[in-house]
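The next block holds one structure in the form of C-alpha coordinates; read it before the comments.
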Amino acid sequence: ILSDLIYDLKIPASTVSRCVNILSSLNCIKEERSEYNRRVFTLTSKGLKIAEKIKEIEKILEEE
(Lines give C-alpha, C1' and ligand atoms only; values in the text may rest on other atoms or scores of the structure.)
Protein backbone atom coordinates (compact mmCIF):
# COMPACT_ATOMS: atom_id res chain seq x y z
CA ILE A 1 0.00 0.00 0.00
CA LEU A 2 1.39 3.37 -1.01
CA SER A 3 0.94 4.94 2.43
CA ASP A 4 2.93 2.06 3.96
CA LEU A 5 5.80 2.70 1.53
CA ILE A 6 5.83 6.38 2.43
CA TYR A 7 5.84 5.61 6.15
CA ASP A 8 8.41 2.77 5.98
CA LEU A 9 10.83 4.58 3.67
CA LYS A 10 10.46 7.93 5.46
CA ILE A 11 10.66 9.88 2.22
CA PRO A 12 8.24 12.43 0.78
CA ALA A 13 5.02 11.17 -0.76
CA SER A 14 5.83 12.96 -4.01
CA THR A 15 9.08 11.00 -4.34
CA VAL A 16 7.35 7.68 -3.73
CA SER A 17 4.58 8.57 -6.19
CA ARG A 18 7.10 9.53 -8.86
CA CYS A 19 9.01 6.26 -8.39
CA VAL A 20 5.80 4.22 -8.46
CA ASN A 21 4.78 5.94 -11.69
CA ILE A 22 8.15 5.19 -13.29
CA LEU A 23 8.12 1.54 -12.18
CA SER A 24 4.56 1.18 -13.43
CA SER A 25 5.38 2.71 -16.83
CA LEU A 26 8.30 0.27 -17.14
CA ASN A 27 5.95 -2.63 -16.32
CA CYS A 28 7.91 -3.52 -13.20
CA ILE A 29 4.94 -3.19 -10.85
CA LYS A 30 1.20 -3.48 -11.23
CA GLU A 31 -1.56 -1.79 -9.29
CA GLU A 32 -4.51 -3.67 -7.88
CA ARG A 33 -7.36 -2.70 -5.59
CA SER A 34 -7.75 -4.36 -2.20
CA GLU A 35 -11.08 -5.36 -0.71
CA TYR A 36 -11.32 -1.90 0.87
CA ASN A 37 -10.57 -0.21 -2.48
CA ARG A 38 -7.01 0.63 -1.43
CA ARG A 39 -4.26 0.72 -4.04
CA VAL A 40 -1.92 -2.26 -3.65
CA PHE A 41 1.24 -2.64 -5.72
CA THR A 42 2.95 -5.91 -6.59
CA LEU A 43 6.00 -6.76 -8.66
CA THR A 44 5.43 -8.13 -12.15
CA SER A 45 7.57 -10.97 -13.47
CA LYS A 46 9.86 -8.33 -14.99
CA GLY A 47 10.05 -6.54 -11.63
CA LEU A 48 10.90 -9.80 -9.87
CA LYS A 49 13.74 -10.49 -12.32
CA ILE A 50 15.14 -7.01 -11.72
CA ALA A 51 14.84 -7.44 -7.94
CA GLU A 52 16.84 -10.69 -8.16
CA LYS A 53 19.57 -8.96 -10.18
CA ILE A 54 19.73 -6.18 -7.58
CA LYS A 55 20.18 -8.80 -4.84
CA GLU A 56 23.07 -10.32 -6.83
CA ILE A 57 24.69 -6.90 -7.19
CA GLU A 58 24.29 -6.24 -3.45
CA LYS A 59 26.06 -9.54 -2.69
CA ILE A 60 28.95 -8.57 -4.94
CA LEU A 61 29.23 -5.14 -3.31
CA GLU A 62 29.26 -6.69 0.17
CA GLU A 63 32.19 -8.99 -0.67
CA GLU A 64 35.50 -7.97 0.80
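The values are calculated or read from the model by the stated rules, or taken from the named source; none is laboratory data. Values in this document were obtained by computation on a predicted structure and should not be read as measured data. As a convention, Cβ positions derive from the backbone with ideal geometry for all residues, glycine included, and neighbour counts pool all protein chains shown. Remember, those area values only see protein heavy atoms, side chains included, never the ligands or the DNA or RNA. Shrake-Rupley method; radii C 1.70, N 1.55, O 1.52, S 1.80 Å.
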### Query
Do you know the relative contact order of the chain, to the nearest whole percent, from alpha carbon pairs under 8 angstrom that are 6+ apart?
25 percent
### Task
Along each of the three principal axes of the Cα atoms of the chain, give the extent in whole Å, ordering the values from largest to smallest.
46, 26, 20
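Which value, in debye to the nearest 20, gives the size of the charge dipole of the chain about its Cα centre, when Lys and Arg are +1 and Asp and Glu are -1 at the Cβ? Provide the component values of the computation, followed by the final result.
Working: 11 positive and 11 negative charges, 85 e Å.
The dipole magnitude comes to about 400 debye.
Which percent of the accessible heavy-atom area of the chain goes to carbon and sulfur, probe 1.4 angstrom? Numbers along the way, then the final one.
Details: 3120 of 5480 Å².
With neighbouring chains kept in place, the figure for the chain is 57 percent.
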### Query
Can you pull the accessible area of C19 for me, 1.4 Å probe, Å² to the nearest 10?
70 Å²
### Query
When we measure straight from the Cα of K59, which lysines land under 23 angstrom away, once same-chain ones fewer than 8 places off are left out?
K46, K49
### Task
Mind giving me the FRET efficiency for I6 and E31? R0 is 22 Å, r the Cβ-Cβ distance, nearest 0.05 is fine.
0.90
### Message
Less than 17 Å apart at the alpha-carbon level, and either on another chain or at least 8 residues along: which aspartates and glutamates does that give for K53?
### Response
E62, E63
### Summary
Candidates I22, I11, I50; GNM for the chain (alpha-carbon contacts under 10 Å) flags as most fluctuating I11
